[in-house]
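Data first, discussion second: the structure below is written as structure tokens.
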Amino acid sequence: MALSTSPVRMWWLPSAVLLVGQATWGVLRYPHLPDRIPQHIGTDGVDSWADRSVGNAFVLVFVYAGVTALMVGCAKLTLRVTPRDELPRSGTSPYAAARTASPLVNRPRSRASALRAARALLVLNACIGLSFVAGCGMLWRSTPDPDVPVWFPVAMTLPLLVGTAVTLAAAVHGRKR
């Protein structure tokens, strides 16, 4: 099943838009970046600097591209797993052990549960992208300012918390039924 025709197609498009948006924004900002850009931002502000280069300037875009590929792949694989309610019930079947396996085995209970989990992974990925947009905003400032705005930690953390909550809710909902 191709991901572009799967039931989760509309759920990975926000991640693709965020990735293209980050890359475009970075290409537009790159010529205007100072010679030194933030490499690490700690609790007291920027505590490490790096020379401007494509690798240093686009590190968040490259990481997000990798995370997106991983999450889309995981969502696709989640949809390919045979749910427990579709396994044969025969006691002589090699699948019988999988049906009665430990609750620690992470097989979705149903197709609906697998779809919820796949969608939750893609929502989490979009939330990671939003968090990285905030990081790009700090990385691509025009001046090498070591101070970090008050909004920055919230803008980096809040999307991650929302995405994690959605993913955990989908996992818990899949376990209850």
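The values are calculated or read from the model by the stated rules, or taken from the named source; none is laboratory data. All values derive from a computational prediction rather than experimental measurement. All Cβ positions, even for glycine, are placed from backbone atoms using ideal geometry, and neighbour counts span all protein chains on display. Protein only, heavy atoms only, side chains kept; ligands, DNA and RNA dropped before computing areas. Shrake-Rupley method; radii C 1.70, N 1.55, O 1.52, S 1.80 Å.
Out of all the residues in the stretch 39-53, is one or more closer than 30 Å to residue 109 by Cβ and touching a residue at least 12 places away in the same chain (Cβ under 8 Å)? No, the conditions are met nowhere in the stretch 39-53.
Give me the residue from the stretch 138-155 that is among the hydrophobic types (A, V, I, L, M, F, W, C) and closer than 19 Å to residue 56 by Cα and, out of that set, surrounded by the fewest Cβ atoms within 10 Å (Cβ to Cβ).
Per the stated criteria, the residue is 148.
Among residues that are out of contact with any Pro (no Cβ under 6 Å at 6 or more places or on another chain) and either aliphatic (A, V, I, L, M) or at pLDDT below 90 (or both), residue 24 is not included. Whenever a residue of the stretch 54-71 is in contact (Cβ under 8 Å) with a residue 60 or more places away in the chain, its partners that are surrounded by fewer than 17 Cβ atoms within 10 Å (Cβ to Cβ), lying with C-beta atoms within less than 7 angstrom and at least six residues away or across chains, give the pairs 57/30; 61/23. Mind counting the residues in the stretch 42-86 that are open to solvent by 30 Å² or more (accessible area, probe 1.4 Å), of a type outside the set (Asp, Glu) and in a strand (DSSP E or B)? Total satisfying the criteria: 2.
Restricting the first member to the stretch 135-158 and to residues that are in a loop (DSSP other than H, G, I, E, B), and the second to residues that are open to solvent by 70 Å² or more (accessible area, probe 1.4 Å), the beta-carbon pairs closer than 7 Å and six or more apart or on different chains are 142/32; 144/36.
Could you tell me which residue of the stretch 157-173 is surrounded by the most Cβ atoms within 10 Å (Cβ to Cβ), considering only residues that are touching a Ser or Thr at 6+ places or on another chain (Cβ under 9 Å) and closer than 18 Å to residue 14 by Cβ? So the residue we want is 163.
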